[in-house]
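Notes for the one structure printed next.
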Amino acid sequence: MKIDRQIGILSVLLQQENMTAPQLAEKFEVSRRTIQRDIEDLCKAGIPIQTTQGVGGGIRIMEGFAMDRTLLTSKDMKMILAGLRSLDSVSGSNYYGRLMEKIKPGSSQMISGSDSILIDLSSWSKDRLAPNISLVLDAIEGRRLLSFDYYAPTGETKREVEPYYLIFKWSSWYVYGFCRARQSFRMFKLNRMGEITCLEQKFQLREVPAPDLSISKLYPSKIEVKAIVDASMKWRLIEEYGPYCYEESEDGKLLFHGFYSDMESLLTWALTFGDRMEILKPEELREELMRVATNMEKIYGREGEK
């Protein structure tokens, strides 16, 4: 990845007085021309890098540069390395681990990200997710269309999308892009995408609005919920809604008050509490729970009669 390599080059130059283009090319396993382009990009970013020819020449950061040479050591580097390591947890490769080894001098004060912080972005479906993440990134970098089947509560659809961002939010991965079927920018949950194909067809860049990742935008508080919850489920309420989402009654029961974005998700959530929650509001949810309970009783009642 270009930006990761450039961070690595900057780190090496901060730690060492002088490096040649061939040395950097060998260290980062790229061509000399790629290193030259990286140096040009770093210069454009405001890093004063000096190159000299001949014996004793090479690439160095100009003397007098105000940046402290320990900028990428200790706490700062710890956070950078932890972030890079977290990407390995979902990539299915050790790319970032190898990058860390390349930019970490053996005698430096740089601290391993694993010493005090570890971020793991993987999921139960890591084996399936990792190749899909790689496929989406290839499509984004190559400006190529993505084709996939999308499985949503409203049904299954076939989509062609111009991908722009891969986003990690709410413990899940999402693809943000322009959906040609809906003619608008949409978010797609990666775990709901099947038969993902990176097409040969390329697309022209659009003016891309920044994705609104606020909870109020994607999960609007449409449905008010009130319920009586058994005290044994207090941990669930605190984990999902915080410590101020309920009041404790004299008998130890918890009076929960919150909001949900859609009835189907609310029904699923309520069912996970089993008989340790009684819904007070909305009334239609009480009726739907009764319908589900009646159907379940018929299914399991028949099993008991055998």
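The values are calculated or read from the model by the stated rules, or taken from the named source; none is laboratory data. Model, not experiment: these values are computed from the prediction. Neighbour counts are summed over all protein chains in view; Cβ atoms, including those assigned to glycine, are modelled from backbone coordinates with ideal geometry.
Conditions tested, residue by residue: (1) surrounded by 13 or more Cβ atoms within 10 Å (Cβ to Cβ); (2) within 22 Å of ASN132 (Cα to Cα); (3) of a type in the set (S, T, N, Q).
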site: LYS189; (1), (2), (3): yes, yes, no
site: PHE203; (1), (2), (3): yes, yes, no
site: ARG206; (1), (2), (3): no, no, no
site: LYS222; (1), (2), (3): no, no, no
site: VAL229; (1), (2), (3): yes, no, no
site: MET233; (1), (2), (3): yes, no, no
Could you give me the residue pairs with C-beta distances under 6 Å whose first residue belongs to the stretch 40-57 and is farther than 16 Å from ILE7 by Cβ, whose second residue is surrounded by 10 or more Cβ atoms within 10 Å (Cβ to Cβ) and at pLDDT below 75 wherever it lies, and which are 6+ apart or on separate chains?
PRO48/PHE65
Could you tell me how many of the residues in the stretch 144-165 are within 20 Å of the chain's Cα centre (by Cα) and either basic (Lys, Arg) or farther than 11 Å from ARG192 by Cβ (or both)?
6
Taking the residues in the stretch 153-170 that are among the hydroxyl-bearing types (Ser, Thr, Tyr) and in a strand (DSSP E or B) as candidates, determine which candidate is surrounded by the fewest Cβ atoms within 10 Å (Cβ to Cβ).
THR157
Out of the residues in the stretch 211-220 meeting the condition of being surrounded by fewer than 16 Cβ atoms within 10 Å (Cβ to Cβ) and not charged (D, E, K, R), tell me which one is modelled with the highest pLDDT.
LEU213
Could you tell me whether GLU247 is free of Cβ contacts under 8 Å to residues at least 12 places away in the same chain and in a strand (DSSP E or B)?
yes
